[in-house]
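In what follows, a structure is listed as structure tokens, so that the remarks can point back to it.
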Amino acid sequence: MEIKQEIDRLKKLIAYHNSRYYDLDSPEISDYEYDKLYARLKELEEQNPQFITADSPTRKIGGRAASAFAPYKHLAPMMSLDNTYNAGEIREWYDKTASALGCRNFEMVVETKIDGVSCSLTYQDGVLITAATRGDGKTGEDVTANIKTVKCIPQKLARPISGLLEIRGEVFIGKEDLIKLNERQQEEGLVPFANARNAAAGSIRQKDPAVTALRPLSFYAHSYGWGDIGAESFTDFINKCRECGLPVSPIRKVFTDIEEVIKFYEDFSKELHTLPYDADGLVIKVNSFELQKKLGVTAKSPRWAEAFKYPAQQCETVIKNINFSVGRTGVVTPVAELEPVKCAGVVISSATLHNFDEIARLGVKTGDSVIVERAGEVIPKVVRVVKSPLNAKAVLEPKICPVCSGVLIREEDEVALRCINPNCPAQIKARVQHYASREAMDIDGLGEIAVDQLVRFGAIKKLSDIYNLTLFDLMALNAFGDKKADNLLNAIEASKKRPLGKFIYALGIRHVGAKTADLLASEFGTVEKLASAALPDLERIEEIGPVIAKTIYDFFASEEVKKELNSFRLYGVNPLPAPAKKEGGPLSGKTFVFTGELKTMSRTEAEVLAKANGAKTSGSVSSKTYAVVAGAEAGSKLKKAESLGIKIMSEEDFLALLKN
Ligand code: ZN
């Protein structure tokens, strides 16, 4: 009876953590801890097979498809790999494999196990037609529109493969890119990602492809699910991928001796932190496809591959204090000040606590002994409390801004606490620094120290005050000598004529990064036109989704911003207009959606035809759709088009349009 209870408890726990990981992209425990729970359940089930039920997580592959995206049924199941954490288990895998093959001299290929999100890419005659997440292994989510924004993934293969070809791989975010992305998240008042995997998962599951386009996603192909690329082994497959223009991992080693594999695993643990991306282990595969076929698969994973993981880099230390920092948009982030501790070769003295929900979840107090985890180059985080002394102090959510004593609020869709005082010095400083940064107005000499003094002494209270600075103001501060002050005034003068895109970016509108700012500049031409744009004008832009459009609209609708723009004008800030957007062929800029069964061609062929004539295609109907081409048995997309009043065409209409 006790065993059954433990099995039930484990099943519930694993289901809960599966949901945190796969559906919410917000795991609460490390992979290592998860794998331990899973291994315990598997062990108990093996010893007590009478308690195995069909709904056990050991019988299923993982998360289920969430509903925000259309379900996509994989051509062949996307399996996950079995995990091992020590040399003994990897020898066990090798012995099992060798005895199944009846030989011990087969080739094994080792690659790094990148911490990202599995993704399948389906090409028809060399053209990318679908991209999907793994989901439960049988059915994933159709994320084609988002994946098409990932620059390194070819929309067309360099060497076309006829018929269907399904390539699988890992979508991930590099360490440096994650740091930059998290800085941006924080500036925009959003919660930074706990790790690279969450960032990648969150990015490819955006409802708005324009947001995905702003995320620095990378991809490495690592296997295939369907079709024939003409390879006989995994190494051969990788070469073929290269020829097709599909990115692959540069790290790959072939072995025939398992002891050498184990030595490589041990040595490589020291190099893990030098990789440009987060990796949590190695993947070993039997190289020959013929042997892979001979070994086959279990209900959950292939027998010819195994993940060889490293435990997370964790260590124990004490929280000395918890501080609050205020960012550009007023977001208050709690940061734990730690007793310095060496973790995986690096001294850690602070760790992020993300937000107050996280503090409550961890139950963390000042004075607690905690486990901190370092994952790659990301800011270390507190994983859990080990012990809490009697005199530990609870962390109280601040009621007022730690910098300006202004009111703090929590917006409905956010977990972040935000200072809404527009005159909060912490925010003004961060905003001025952003405005003057190289990517924005590039004002040399307006760095952290100068900004700190100018804001503290009241010389700058809002962005446009930068242009009201005088030599007298600057000379009054001890950060400036004659020459330095002159140079800064010249740099400020020069910034009055920056390209419009830089100016829009410099304003620091939430969700508007450098790329979106350039896009807005070329769409509207002048800041006046952008500022007076109606909401539908913003929503009409293909690359900008409804959320961003609304944020931009609200920004320019504010009285405060109107006054600021007027001041900029009076000071002679006159950004260089962007060249107007050019219009192309007859179908260009029009988005078509194909649905139902067409008579003379497949939907994919129709999409290729449309694109060849300058049109865009999409898998879903929205107000931006120009027309829906409906074949036989068209379903929900046709209904949606009717309800939105989108033009509906027959296949004949579409072909006639192409002829004109
Ligand atoms: Zn404040």
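Below are the figures for this structure:
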quantity	calculated
Of residues in region 399-416 being within 11 Å of the ligand (Cβ to nearest atom) and touching a helix residue (DSSP H, G or I) at 6+ places or on another chain (Cβ under 7 Å), the one farthest from Phe356 (Cα to Cα)	Cys404
Where a residue in region 394-410 is over 13 Å from Ala426 (Cβ atoms) and touching a residue at least 60 places away in the same chain (Cβ under 8 Å) and its partner, wherever it lies, is more than 7 Å from the ligand (Cβ to nearest atom) and charged (D, E, K, R), with Cβ under 7 Å and at least six apart	Val395/Lys365
Region 256-267: number of residues that are in contact (Cβ under 8 Å) with a residue 24 or more places away in the chain and more than 34 Å from the chain's Cα centre (by Cα)	2
In region 425-435, residue nearest to the ligand (Cβ to nearest atom) [restricted to those that are under 14 Å from Ser464 (Cα atoms) and within 27 Å of the chain's Cα centre (by Cα)]	Arg431
Any hit, region 496-503, residues being in contact (Cβ under 8 Å) with a residue 12 or more places away in the chain, touching a strand residue (DSSP E or B) at 6+ places or on another chain (Cβ under 7 Å) and part of a helix (DSSP H, G or I)	yes
Condition broken by Leu488, with the remaining ones in (1) within 16 Å of the ligand (Cβ to nearest atom); (2) more than 19 Å from Val527 (Cα to Cα) satisfied	(1)
Tally, over region 133-176, of residues that are in a loop (DSSP other than H, G, I, E, B), free of Cβ contacts under 8 Å to residues at least 60 places away in the same chain and touching a strand residue (DSSP E or B) at 6+ places or on another chain (Cβ under 7 Å)	1
Residue check, Ser623 over 20 Å from Ile129 (Cβ atoms) and exposed (fewer than 13 other Cβ atoms within 10 Å of the Cβ)	yes
Residues located in region 284-343, provided they are of a type outside the set (Ser, Thr, Tyr), in contact with a Phe, Trp or Tyr (Cβ under 9 Å, 6 or more places away or on another chain) and either within 16 Å of the ligand (Cβ to nearest atom) or farther than 30 Å from Glu232 by Cα (or both)	Pro311, Ala312, Gln314, Val332, Pro334, Val335
Members of region 98-115 found to be closer than 18 Å to Gly281 by Cβ and modelled with pLDDT of 90 or more, listed by number	Met108, Val109, Val110, Glu111, Thr112, Lys113, Ile114
Number of the condition not met by Val370 [criteria: (1) surrounded by 17 or more Cβ atoms within 10 Å (Cβ to Cβ); (2) within 16 Å of the ligand (Cβ to nearest atom)]	(2)
Long-range neighbours under 9 Å by Cβ, at least six apart or interchain, first residue on the phi < 0 side of the Ramachandran plot within region 461-474, second among the acidic types (Asp, Glu) and in a helix (DSSP H, G or I)	Lys462/Glu560; Lys462/Glu564; Leu463/Glu564; Ser464/Glu564; Tyr467/Glu493; Leu471/Asp482; Leu471/Asp486; Leu474/Asp486
Ala656 vs. criteria buried (at least 21 other Cβ atoms within 10 Å of the Cβ) and not in a loop (DSSP other than H, G, I, E, B)	no
The one condition in (1) away from the ligand (no atom under 16 Å from the Cβ); (2) assigned to a strand (DSSP E or B); (3) within 23 Å of Lys180 (Cα to Cα) that Ile379 fails to fulfil	(2)
Any hit, region 504-511, residues being over 30 Å from Lys611 (Cα atoms) and not assigned by TED's automatic domain parsing to the domain that holds Asp442	no
Qualifying residue in region 585-599 (condition: in contact with a Phe, Trp or Tyr (Cβ under 9 Å, 6 or more places away or on another chain), modelled with pLDDT of 80 or more and charged (D, E, K, R))	yes
Exclusive hit being outside any helix (DSSP H, G or I) and at pLDDT below 90, set Val211, Val191	Val191
Which listed residue is outside the structural domain of Ser120 (by TED's automatic domain parsing) and either within 26 Å of the chain's Cα centre (by Cα) or in a strand (DSSP E or B) (or both), from Arg242, Arg328	Arg328
Gly363 without any contact (Cβ under 8 Å) to a residue 40 or more places away in the chain, outside the structural domain of Val512 (by TED's automatic domain parsing) and surrounded by 18 or more Cβ atoms within 10 Å (Cβ to Cβ)	no
Qualifying position, being at pLDDT 90 or above and either over 30 Å from Ser464 (Cβ atoms) or over 26 Å from the mean Cα position of the chain (by Cα) (or both), among Glu373, Glu339, Glu377, Glu412	Glu339
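So that you can scan it fast, the table gives a plain yes or no per residue for (1) of a type in the set (Lys, Arg); (2) in contact with a Phe, Trp or Tyr (Cβ under 6 Å, 6 or more places away or on another chain); (3) within 16 Å of the ligand (Cβ to nearest atom); (4) part of a helix (DSSP H, G or I):
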residue: Glu439; (1), (2), (3), (4): no, no, no, no
residue: Ile443; (1), (2), (3), (4): no, no, no, no
residue: Leu446; (1), (2), (3), (4): no, no, no, no
residue: Asp452; (1), (2), (3), (4): no, no, yes, yes
residue: Lys461; (1), (2), (3), (4): yes, no, yes, no
residue: Ile466; (1), (2), (3), (4): no, no, no, yes
residue: Phe472; (1), (2), (3), (4): no, no, no, yes
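The values are calculated or read from the model by the stated rules, or taken from the named source; none is laboratory data. Quick caveat, the model's predicted, so the values are computed rather than measured. Neighbour counts run over all protein chains shown; Cβ positions are idealised from the backbone, glycine included.
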